[in-house]
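Just below is one structure, and these are the notes that go with it.
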Amino acid sequence: MKNLFLAVTLALCVGIGWFWVRRGTLTENGYSLTLREANEHKILLITVGSEPRTLDPQEAQGVTEHHIVMAMIEGLVAPGIDGESKVVPGMADRWEHNEDYSVWTFHLGERRKWSDGEPVKAGDFVFSYKRMLTPSFGAQYAENLFILKGAEDYYSGKITDFDQVGVKALDDRTLRIDLVGPTPYLLSLVQHDSWLPVCPTAILKFGNIDTRDSKWTRAENYVGNGPFKMKSWHPNDVIEVVRNPLYWDAASVKLNGINFYSIENLNTQERAFQAGQLHKTDQVPLDKVPYYRRTHPELLRIDPYEGVYFYRINVVRKPLDNPKIRLALNLAVDREAIVKNILREDQKPATGYTPPGMGEYEPLNKITYDPARARQLLAEAGYPNGKGFPRFIIHFNTLESHRAIAEAIQQMWKEELNINVALENQEWKVYLDTQNNKNYDLSRSAWIGDFMDPVTFLSMWTTGNGNNNTNWGNPKFDALIEQAARTGDPAHRFQILHDAEDLFLSDLPIVLVYWYTNAYLLQPSVQNWNPLVLGNHNYKFIDLKSERELAK
Amino acid sequence: MIKIIVGRLLQLIPVLWIILTLTFFMSKEVPGGPFSAERQATPEVIARLNAYYGLDKPLWEQYLGYLGKLARFDLGPSYTYQSESVNEVIARSFPISLQIGTLAFCIAAVFGITAGVIAAANKNRLWDYLPMSFSMLGICLPTFVLGPILALLFGLVLRLAPVSGWHGLNYVPFHPMIMPAVTLGLFYAAYIARLTRGGMLDILSQDFIRTARAKGVPDHQIILKHALRGGLLPVVAFLGPAFAGLLSGSFVVEKVFNVPGIGQEFIKSVFNRDYPLVLGTVAFFGILIVVFNLASDILQALMDPKSRK
């Protein structure tokens, strides 16, 4: 028996000793840093949540991808230090447009280079947009470029000559963009992944213009033009980018590198933050928010975020086809209570669809909590005190917070309107399938803005739009969206969009719940991480202060 | 013996074929596709993507195509990791699970067998109850509870280990593999302890042990020399599948410690409807399980003359 104990102890000692010895080889990696070392070396350690599927901006679909791509690829213009609407020069150092914002000319600045040393030319943008619009490439966001003249025809095969599409390189440093209609928000749009340039030589080295999933996105092959360049990519663990010396504005880049960690689990993110492995988390677990508010308010940040949470209503199902009932359902939801008691991250009750923060566009204040009127509307629709109201189902994807919100709404409707609702959760892809096939009564939904203009929220509700999925449509609404697309004067255009949203909120194919915020943990050493409504931080402005500097 | 081994390895082919065929058709039956997303791409785009990956062909054609590629050890592209093939995903994630799994296996075997033997030798005394209550605790405590507790203790309080990540972490003395391995290992150790105790008690009550005692053989010799070999037989039968299970990684432990192992690839591939990755990981796990079952059978035959035929 003693021998056995001896053997176990010996094995443990050998094991521990072995790791001591290995210590030397592990430090050589260079990116194993404590927070203090990271501050000294100016390496930002952040997590963007899940693992990106790709770092090809033209195949990317999500916020995760965009936040990493932004470090390595810069568009015609880039987000400013105070927000996406205050743009700063990117590849273009100046630009002009005609009176109604339908023809834009971008002048590329000097010293704009790809990380392989080649200059960035106007033709590279033409190549990039051609790639986006090549049908066989199958870009999920190709539609974003349909505001280019002739783009839709090229995409659908009606024309085959790309010269007829409204993007031209007048010379190596001048890019002319012809649009189908006035687009005052183009500068915000061109910051989106789908409008970013890709390096033609890098793409063509590993395939054709329409090759998907090619090897050019690997760390050793990646070519960008942004403030940072890729050093390593360990899937499901970390993507390491370092300062790009060829970047045109390298002198104003403050960080030496960024480590993007893929940590999906919010509790693990929070632990990594506490352990000093991260400067910033992606989100905070809901139940930890009160703790940080109480004990470490200086670490908790809650920024407004361009997103809206709502339930889609299948408007062909009885009795949900009656607008009075849809309004009654909306009026009986106490959004304030949901935000205060369940979410607790300073979300705002949604009184309209488009969230606040869209520049001059005022959010609507149309839908409020009014149970008395809700009961009256329900009675007018033929269901006094909810009598005889058929049972229907709220359908959501499996997640604790979705369930909590659904249960709260279920209870509110029971108490205020005396109607019975069942809850049904489904696995993510099954849920998407159900929603896309419009095989539901009420379906949990959310929408996050792509760029700084209300049209990113409103255009999805046109009749038959692929993202509408409610069977709702209104020719008047479609006409207003169409009219807005033809209007050059920004103030007038916003007025039209306002009218459209007002109409949408009169018909209400949705139940409004709340407007998003973005809650995360941030170390005080991170500088210039300002609250931005789209969350697109231009990393060249971000800085880290060492403890000594902070103490001063 | 060699004949049996070769025979069993040949059985692997039909077994794999059946597993893969079932998985192939079942995975296609599940609602939702690899390209559905909250922001729905237009039907034309989805159609183009399906065409690009050959998902528009009839099912039997896709199936034959897959088998053809499989014969050349090509598991196809991954839809989730767009610049990697399934072969590459397995090649990068398995070594990580292999390291964690092997260490966990050692922890499980060493702690489990030691605790089991001590308990059996001290039947119905303090040194029986103590290790057995710990093992009961180990069985009852799921990894998603034990993992965060260990992370809090060793990561946040003692700062000996990273709480997340794998590559390039410099923590002494705790390599990032240690905490996931301990979390997984203790769970299996608890099972092994109970199996060992049972097996040992069975043997210790047999006639040849009584004879040895009567002849005056010291206790530790009886246990280590005479009883252990027979007492471990039920454990060995369990070790094969257990080792395969440990090597194939654990979704929960990999998520808790954010380790890029193969366990999460398997689960996530199903969530993402990444058909080639689902099939690839299923095939890989199938091979692991068959091989380690065979290994444990061989080990059992070597230890127990009765089972040799």
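The values are calculated or read from the model by the stated rules, or taken from the named source; none is laboratory data. Everything numeric here is computed off the predicted structure, so don't read it as measured data. Because the Cβ atoms are built from the backbone with ideal geometry, glycine has one as well, and the counts that use them run over all protein chains shown. These area figures cover heavy atoms from the full protein model, side chains too; ligands, DNA and RNA do not enter into them. Shrake-Rupley method; radii C 1.70, N 1.55, O 1.52, S 1.80 Å.
Please find, within region A:314-342, the residue that is nearest to A:ASN468 (Cα to Cα) out of those that are assigned to a loop (DSSP other than H, G, I, E, B) and basic (Lys, Arg).
So the first thing to find is which residues in region A:314-342 are assigned to a loop (DSSP other than H, G, I, E, B), and the list is A:314-322, A:332-334.
Imposing the further condition that a residue be basic (Lys, Arg) reduces the set to A:317-318.
On the way: A:ARG317: 16, A:LYS318: 19 Å.
Out of the qualifying residues, it is A:ARG317.
Has region A:80-98 got at least one residue that is of a type outside the set (A, V, I, L, M), in a loop (DSSP other than H, G, I, E, B), touching a residue at least 24 places away in the same chain (Cβ under 8 Å) and more than 21 Å from A:ASN225 (Cα to Cα)?
Within region A:80-98, one or more residues are of a type outside the set (A, V, I, L, M), in a loop (DSSP other than H, G, I, E, B), touching a residue at least 24 places away in the same chain (Cβ under 8 Å) and more than 21 Å from A:ASN225 (Cα to Cα).
Of the conditions (1) at pLDDT below 95; (2) touching a Pro at 6+ places or on another chain (Cβ under 9 Å); (3) of a type in the set (A, V, I, L, M, F, W, C); (4) open to solvent by less than 20 Å² (accessible area, probe 1.4 Å), A:LEU186 fails just one. Which one is it?
(2)
For region A:438-446, state whether one or more residues are open to solvent by less than 50 Å² (accessible area, probe 1.4 Å) and free of Cβ contacts under 8 Å to residues at least 24 places away in the same chain. Give the derivation first.
Our first condition is that a residue be open to solvent by less than 50 Å² (accessible area, probe 1.4 Å); within region A:438-446, this holds for A:440-446.
If we keep only those that are free of Cβ contacts under 8 Å to residues at least 24 places away in the same chain too, we end up with none.
Checked region A:438-446: no residue is open to solvent by less than 50 Å² (accessible area, probe 1.4 Å) and free of Cβ contacts under 8 Å to residues at least 24 places away in the same chain.
Open to solvent by 10 Å² or more (accessible area, probe 1.4 Å), over 19 Å from A:GLY357 (Cβ atoms) and at pLDDT below 95 - does that describe any residue in region A:507-515?
Here is the first cut: in region A:507-515, the ones open to solvent by 10 Å² or more (accessible area, probe 1.4 Å) are A:507, A:514-515.
Going one step further and asking which of them are over 19 Å from A:GLY357 (Cβ atoms), we end up with A:507.
Right, trim to at pLDDT below 95 and you get A:507.
Yes, the conditions are met somewhere in region A:507-515.
Do you know which residues across region B:53-66 are surrounded by fewer than 17 Cβ atoms within 10 Å (Cβ to Cβ) and within 25 Å of A:GLY466 (Cβ to Cβ)?
Selection gives B:GLY54, B:ASP56, B:LYS57.
Can you pull out the residues in region B:258-306 that are surrounded by fewer than 17 Cβ atoms within 10 Å (Cβ to Cβ) and outside any helix (DSSP H, G or I)?
Of everything in region B:258-306, just one residue is surrounded by fewer than 17 Cβ atoms within 10 Å (Cβ to Cβ) and outside any helix (DSSP H, G or I), namely B:ASP304.
Counting just the residues of region B:23-54 that are modelled with pLDDT of 90 or more and out of contact with any helix residue (DSSP H, G or I) (no Cβ under 7 Å at 6 or more places or on another chain), which one comes out nearest to the other protein chains (Cβ to nearest Cβ)?
B:MET26
Scan region A:216-226 and give yes if some residue there is over 20 Å from A:GLY62 (Cβ atoms), in the same structural domain as A:GLU84 (by TED's automatic domain parsing) and not hydrophobic (A, V, I, L, M, F, W, C), otherwise no.
no
Can you work out which of the residues in region B:158-194 that are over 22 Å from the mean Cα position of the chain (by Cα) and more than 10 Å from chain A (Cβ to nearest Cβ) is nearest to A:PHE260 (Cα to Cα)?
Of everything passing the filter in region B:158-194, B:LEU160 is nearest to A:PHE260 (Cα to Cα).
Within region B:1-44, take every residue that is in a helix (DSSP H, G or I) and touching a Gly at 6+ places or on another chain (Cβ under 6 Å) and give me the one that is nearest to A:TYR155 (Cα to Cα).
So the first thing to find is which residues in region B:1-44 are in a helix (DSSP H, G or I), and the list is B:2-29, B:43-44.
Now drop any that are not touching a Gly at 6+ places or on another chain (Cβ under 6 Å), which leaves B:16, B:19.
On the way: B:LEU16: 43, B:ILE19: 42 Å.
Once the filter is applied, the top-ranked residue is B:ILE19.
With respect to B:HIS220, determine if the residue is within 14 Å of chain A (Cβ to nearest Cβ) and surrounded by fewer than 18 Cβ atoms within 10 Å (Cβ to Cβ).
yes
Considering only residues that are open to solvent by 10 Å² or more (accessible area, probe 1.4 Å) and charged (D, E, K, R), which ones fall in region A:516-552?
Correct list: A:ASP543, A:LYS545, A:GLU547, A:ARG548, A:GLU549, A:LYS552.
Go through region B:135-144 and give me each residue that's within 17 Å of B:VAL259 (Cα to Cα) and out of contact with any Ser or Thr (no Cβ under 8 Å at 6 or more places or on another chain). Steps first, answer last, please.
The first filter runs over region B:135-144 and keeps only residues within 17 Å of B:VAL259 (Cα to Cα), leaving B:143-144.
Correct list: B:PHE144 only.
Could you tell me which of the residues A:GLU110, A:GLU118 is under 14 Å from A:PRO197 (Cβ atoms) and surrounded by fewer than 20 Cβ atoms within 10 Å (Cβ to Cβ)? Show your work before the answer.
Numbers: A:GLU110 fails: under 14 Å from A:PRO197 (Cβ atoms).
From the options A:GLU110, A:GLU118, the qualifying one is A:GLU118.
Based on this model, can you work out whether A:LEU503 counts as among the aliphatic types (A, V, I, L, M), in contact with a Leu (Cβ under 9 Å, 6 or more places away or on another chain), part of a helix (DSSP H, G or I) and not assigned by TED's automatic domain parsing to the domain that holds A:LEU186? Lay out the reasoning, then the answer.
Details: among the aliphatic types (A, V, I, L, M): yes; in contact with a Leu (Cβ under 9 Å, 6 or more places away or on another chain): yes; part of a helix (DSSP H, G or I): yes; not assigned by TED's automatic domain parsing to the domain that holds A:LEU186: yes.
Against the criterion (among the aliphatic types (A, V, I, L, M), in contact with a Leu (Cβ under 9 Å, 6 or more places away or on another chain), part of a helix (DSSP H, G or I) and not assigned by TED's automatic domain parsing to the domain that holds A:LEU186), A:LEU503 qualifies.
Which is among the aliphatic types (A, V, I, L, M), more than 14 Å from B:ILE118 (Cα to Cα) and touching a residue at least 24 places away in the same chain (Cβ under 8 Å), of B:ALA227, B:ALA190, B:ALA242? If you could, list the steps in order and put the result at the bottom.
Values: B:ALA227 fails: more than 14 Å from B:ILE118 (Cα to Cα); B:ALA190 fails: more than 14 Å from B:ILE118 (Cα to Cα).
It is B:ALA242.
Yes/no matrix, rows are residues, columns are (1) touching a residue at least 60 places away in the same chain (Cβ under 8 Å); (2) touching a strand residue (DSSP E or B) at 6+ places or on another chain (Cβ under 9 Å):
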{"position": "A:ARG112", "(1), (2)": "yes, yes"}
{"position": "A:VAL126", "(1), (2)": "no, yes"}
{"position": "A:PHE137", "(1), (2)": "yes, no"}
{"position": "A:TYR155", "(1), (2)": "no, no"}
{"position": "A:LYS158", "(1), (2)": "no, no"}
{"position": "A:SER188", "(1), (2)": "yes, yes"}
{"position": "A:VAL198", "(1), (2)": "yes, no"}
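Using beta carbons and a limit of 9 Å, which pairs, at least six apart or on different chains, have the first residue in region A:43-63 and open to solvent by 30 Å² or more (accessible area, probe 1.4 Å) and the second one among the basic types (Lys, Arg)?
Pairs that qualify, where the first residue is open to solvent by 30 Å² or more (accessible area, probe 1.4 Å) and the partner is among the basic types (Lys, Arg), are A:GLN61/A:ARG53; A:GLN61/B:ARG39.
Got a sec? Which of A:ALA78, A:ALA71, A:ALA38 is over 15 Å from the mean Cα position of the chain (by Cα) and modelled with pLDDT under 90?
Details: A:ALA78 fails: modelled with pLDDT under 90; A:ALA71 fails: modelled with pLDDT under 90.
A:ALA38 is the lone residue from the list that is over 15 Å from the mean Cα position of the chain (by Cα) and modelled with pLDDT under 90.
What residue, among those in region B:148-157 that are over 13 Å from B:VAL182 (Cα atoms) and within 7 Å of chain A (Cβ to nearest Cβ), is surrounded by the most Cβ atoms within 10 Å (Cβ to Cβ)?
B:GLY155
Scan region A:195-211 and give yes if some residue there is under 25 Å from the mean Cα position of the chain (by Cα), within 10 Å of chain B (Cβ to nearest Cβ) and either more than 27 Å from B:ASN258 (Cβ to Cβ) or buried (at least 23 other Cβ atoms within 10 Å of the Cβ) (or both), otherwise no.
Taking region A:195-211 first, the residues under 25 Å from the mean Cα position of the chain (by Cα) are A:195-199.
From what is left, the residues that are within 10 Å of chain B (Cβ to nearest Cβ) are none.
No - not one qualifying residue is present in region A:195-211.
When you check A:SER85 against the structure, is it modelled with pLDDT under 90, over 20 Å from the mean Cα position of the chain (by Cα) and open to solvent by 20 Å² or more (accessible area, probe 1.4 Å), yes or no?
Working: modelled with pLDDT under 90: yes; over 20 Å from the mean Cα position of the chain (by Cα): no; open to solvent by 20 Å² or more (accessible area, probe 1.4 Å): yes.
So A:SER85 fails the test.
Identify, by number, the condition in (1) without any contact (Cβ under 8 Å) to a residue 12 or more places away in the chain; (2) over 26 Å from B:ILE287 (Cα atoms); (3) open to solvent by 50 Å² or more (accessible area, probe 1.4 Å); (4) not aromatic (Phe, Trp, Tyr) that B:ASN122 doesn't meet.
Unmet condition: (3).
Might you check whether a residue that is closer than 28 Å to A:TYR305 by Cα and assigned to a helix (DSSP H, G or I) occurs anywhere in region A:460-475?
Scanning region A:460-475 turns up at least one residue that is closer than 28 Å to A:TYR305 by Cα and assigned to a helix (DSSP H, G or I).
Checking A:LYS158 against (1) modelled with pLDDT under 95; (2) under 23 Å from A:PRO184 (Cα atoms), only one condition comes out false. Which one?
Every condition holds for A:LYS158 apart from (2).
When region A:36-60 is examined, which residues are found to be β-branched (Val, Ile, Thr) and touching a strand residue (DSSP E or B) at 6+ places or on another chain (Cβ under 9 Å)?
First pass over region A:36-60, keeping only residues β-branched (Val, Ile, Thr): A:43, A:46-48, A:54.
Matches in region A:36-60: A:ILE43, A:ILE46, A:THR47, A:VAL48.
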